[in-house]
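> Submitted below is the structure of interest, expressed as structure tokens.
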Amino acid sequence: MSSPPPDRLASLPEPLGLWTDRVLDRPRVVGRAPSSRMASALGRGVHRLEDAARRRWFLKSEPRQHAWDAEVRAYRRWVPALGDLAPSLLDADSDLRALIVSELPGQPPSVPTPHHHYQAGALLKRLHGSMPARPRPAEFGGRGVLEKMRRDFPHVLTPEEHDFAVTRADQLNVTPEPVNVPSHGDYRVGNWLVDRDDVLRVIDFGNARWAPPAADLSALAYGLWWDDPGSRQAFARGYGEADLHEQQRFVVPRLGVRAALQVYRGHQFGLADKVARGRHRLGRLLHDHD
């Protein structure tokens, strides 16, 4: 019968504490990393650790097996292409669905500069090119997701709003996106860290997956670039002007789908600010379309 984990790991569930104590040299929990309300609703947990040499780590737990598999795959196969500009994976346990990654220096920039956007573009391009692109095997599934949301929450969107989003999803099947690449899945300022030397690093590959380049780029267009259109120009210098321009025909229809899904999912999880944001974006897109 195994001994319980030491007091320095008492805040962790016992199996997780025992595994962590085997992986690191006399680790202790020094805090819990903040997480989004969506991540909390999904049951994800992130703890900050310190080992005997005072090195810092993050212990991540993910209750969904497929999500754990995807994140570990990203850290093992894709993230090394970013060198020391992204966390490194120390160890992972499939039974516990846990992993330990290095903590990086820096903080998310409160107001990203053009140089930060340039670096972010260059890093995303490296990630997208970290493995050979794969032919995209399936059609864009946005229509199916939207129709299911409509059945589950029939009065959240007006028929006009819902039909607009479905039409945008159908566009991506008429002109299908040809390839999938390693995708970050949550590429936003909150996952960028800038250190004292103004070097930008990227963290949190918990949503990493094979996806078209426009999946990451449309998230930026929906969020950061929507609020600060000038940031796109600096990002493009790092990512590649021609490559970004080529993806625009896929980015634009994705915005309508993303806005509708934000309203539906915000309603599903009781996130009023997400619902309001999605409605505002969807209204703008409808107005510009007309």
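> Determine, from the Cβ-Cβ distance of Glu147 and Arg56 and an R0 of 35 Å, the FRET efficiency 1/(1 + (r/R0)^6), rounded to the nearest 0.05.
0.20
> How much length would be gained if the chain were fully extended between Arg22 and Arg134, taking 0.36 nm per residue of separation minus their Cα-Cα distance, in nm to one decimal?
Full-extension gain reported as 36.5 nm.
> Taking the beta-carbon count within 10 Å as an exposure proxy, list Ser231, Ser94, Ser61, Ser88 from fewest neighbours to most.
In order of increasing Cβ crowding within 10 Å: Ser94, Ser88, Ser61, Ser231.
> Going by amide H atoms built from the backbone, whose H comes under 5 Å of the H on Asn180, apart from near neighbours?
Arg134, Arg136
> When the Karplus curve 6.51 cos²θ - 1.76 cosθ + 1.60 is applied with θ = phi - 60°, which whole-Hz ³J(HN,Hα) does each residue of region 133-145 get, with x for Gly and Pro?
So the J values, rounded to whole Hz, are 4, 10, x, 7, x, 10, 6, 5, x, x, 4, x, 5.
> How much length is gained on full extension from Glu246 to Arg32, taking 0.36 nm per residue of separation minus their Cα-Cα distance?
Additional length available on full extension: 72.9 nm.
> Please report the relative contact order for region 7-102, taking Cα pairs under 8 Å with a sequence separation of at least 6, and give it as a percent rounded to a whole number.
In percent, rounded to a whole number, it is 22.
> Looking at region 72-174, which chymotrypsin sites (Phe, Trp or Tyr not before Pro) are in a loop (DSSP not H, G, I, E or B) and have at most 10 other Cβ atoms within 10 Å?
Sparse-neighbourhood loop chymotrypsin sites (Phe, Trp or Tyr not before Pro): none present.
> With runs of 4+ DSSP H residues as the only contributors, calculate the mean residue ellipticity of the chain at 222 nm using -39,500 (n - 2.57) per run, divided by the residue total and rounded to the nearest 500.
Calculated at 222 nm, the ellipticity per residue is -15000 deg cm²/dmol.
> Modelling each spin label as a point 7 Å along the Cα-to-Cβ direction, I'd like the Glu160/Asp7 distance in nm, to one decimal.
6.6
> Any idea how far apart Asn173 and Arg76 come out in nm if each label point goes 7 Å out from Cα toward Cβ?
Once both label points are built, they end up 3.5 nm from each other.
> In degrees, nearest 10, range 0 to 90: what is the angle between the Cα axis of helix 213-222 and the longest Cα principal axis of the chain?
80
> Something else now. How far apart, in nanometres, would the label points at Ser102 and His66 be if each is projected 7 angstrom from Cα along the Cα-to-Cβ direction?
Simple spin-label model gives 3.2 nm for this pair.
> Here is a follow-up. At most 10 other C-beta atoms within 10 Å and a DSSP loop state: those are the exposed trypsin sites (Lys or Arg not before Pro) I care about. Give me the longest piece of the chain that has none.
So the longest stretch without any such site is 55-195.
> Under 15 Å from the Cβ of Val111, count the other residues' Cβ atoms, weight Lys and Arg +1, Asp and Glu -1, and hand me the total.
Once positives and negatives cancel, what remains is -2.
> Please report how far the C-alpha centroid of region 262-280 lies from that of region 92-135, rounded to the nearest whole angstrom.
When both Cα centres are located, 26 Å separates them.
We did not get these values from a lab; they are worked out from the coordinates using the rules stated. Here the structure is a predicted model, which is why all the values come from computation and not from measurement. Positions of Cβ are backbone-derived with ideal geometry, glycine not excepted, and every protein chain shown enters the neighbour counts.
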